[in-house]
Amino acid sequence: MKIQLEEMYKDPVTGGGNEYWIKEKYQENCLRRMSHYAVMTINIKKFRKYHLRYGKIASDEILKEIYDILDGFLHENEYLSRIYSDNFVILLHRENKEALVQFIYDTDWAGYQCEDPRIYMKIFFSFGVYMIDNPDDDFHTALNKAELARTMCGHVHLRNTSYDFYSSSISKRYLHDCDIEEKAVEAVNQERFTPYLQPKVRLSDEKIVGA
C-alpha cells in the first residue's frame, strides 16, 4: 500500500510510517470505530544476528523486505509501522479472532518463505495482539497490552513463531511475577532466607566429602 508521508512521519528504513504516524492513525480510526480493530505488535526473533553478520545496510534491507511482506496482507483502513529496531505495529480491522490468527499464519509463512537467501526459512516472529475493547485506552496503553501478550507468551524464547492475545489474566500473571520478584529481593535484604547446604556423601565409605 503506497502512502505519501511528510518527513516527520516517515520511517527512514522502510519508507513507511513511523510511531508518530501510526499513533495518529490509532486515534483517527481505532477509537472512533473500535469494533473489530486490534493492535498487533511483531518482533523478529534474534534479529541482532543479521545486523552482526551482514552489517547495518544489509539488515535494513531485510527489515524493508519484511515490512513489504507484512504490508502486502493489509486490507483497506489497516496500517503498518516499524516503530524501532525490528519491532512493527499493525492496526488490523478484522471480523474476529480467527481472522487475526489467520493473518498471523499467512504473514509468518510468507516471511519464512522469503526468497532472500540471507533469511530464507530462517525468519521467526513473535506476535502480540490486543483486541481493543476499552475506548479509554490511548495508543501507548493499547501498545503495552499487545506487547505484554507477546512477551508473556510461553513460546516467545523458542526457535519458532509464537503469538498470544491479551487478556486480564496475562496482566494478573505479570503483576504476580513482579510481586514475587520484589518480595524475594526484600527477603534477601532483610536476611529472611535461611541457606542450607546439601552434603555430598561418598558411597564407598559414607563419608561427607563436600556440599
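Within the range 140-179, the set of residues being small (Gly, Ala, Ser) and surrounded by 12 or more Cβ atoms within 10 Å (Cβ to Cβ) comprises ALA142, ALA146, ALA149, SER162, SER167, SER171. All of CYS153, CYS114 fail the test of being farther than 17 Å from VAL89 by Cα, in contact with a Ser or Thr (Cβ under 9 Å, 6 or more places away or on another chain), modelled with pLDDT of 95 or more and not aromatic (Phe, Trp, Tyr), apart from CYS153.
Taking first residues from the range 80-94 that are under 13 Å from TYR37 (Cβ atoms) and partners that are of a type in the set (D, E, K, R), the Cβ contacts under 7 Å between residues at least 6 apart in sequence or on separate chains come to ILE90/GLU78; LEU91/LYS25; LEU91/GLU78; LEU92/GLU78; HIS93/GLU78. In the range 27-51, the residue that is modelled with the lowest pLDDT out of those that are surrounded by fewer than 16 Cβ atoms within 10 Å (Cβ to Cβ) and farther than 22 Å from THR161 by Cβ is MET34.
So is ILE62 crowded, with 17+ Cβ neighbours inside 10 Å and of a type in the set (A, V, I, L, M, F, W, C) or not?
Yes, satisfied.
Would a scan of the range 179-194 turn up a residue that is at pLDDT 95 or above and either under 29 Å from TRP109 (Cβ atoms) or in a loop (DSSP other than H, G, I, E, B) (or both)? Taking every residue of the range 179-194 in turn, none turns out to be at pLDDT 95 or above and either under 29 Å from TRP109 (Cβ atoms) or in a loop (DSSP other than H, G, I, E, B) (or both). What number of residues within the range 150-169 satisfy the criterion of being within 23 Å of ILE22 (Cβ to Cβ), part of a helix (DSSP H, G or I) and without any contact (Cβ under 8 Å) to a residue 40 or more places away in the chain? So the answer is 1.
Of the residues screened, TYR9 is one that is surrounded by 15 or more Cβ atoms within 10 Å (Cβ to Cβ), touching a Gly at 6+ places or on another chain (Cβ under 6 Å), of a type in the set (Ser, Thr, Tyr) and farther than 23 Å from MET131 by Cβ.
Consider ARG118 carefully, then state whether it is among the basic types (Lys, Arg) and surrounded by 15 or more Cβ atoms within 10 Å (Cβ to Cβ). Considered against the rule, which asks whether it is among the basic types (Lys, Arg) and surrounded by 15 or more Cβ atoms within 10 Å (Cβ to Cβ), ARG118 comes out as yes.
In this structure, is ILE57 aliphatic (A, V, I, L, M), crowded, with 17+ Cβ neighbours inside 10 Å and closer than 17 Å to TYR84 by Cα? No: the conditions fail for ILE57.
The values are calculated or read from the model by the stated rules, or taken from the named source; none is laboratory data. Remember, it's a predicted structure, so these values are computed and weren't measured experimentally. Here Cβ is always computed from backbone atoms with ideal geometry, including for glycine, and neighbour counts include all displayed protein chains.
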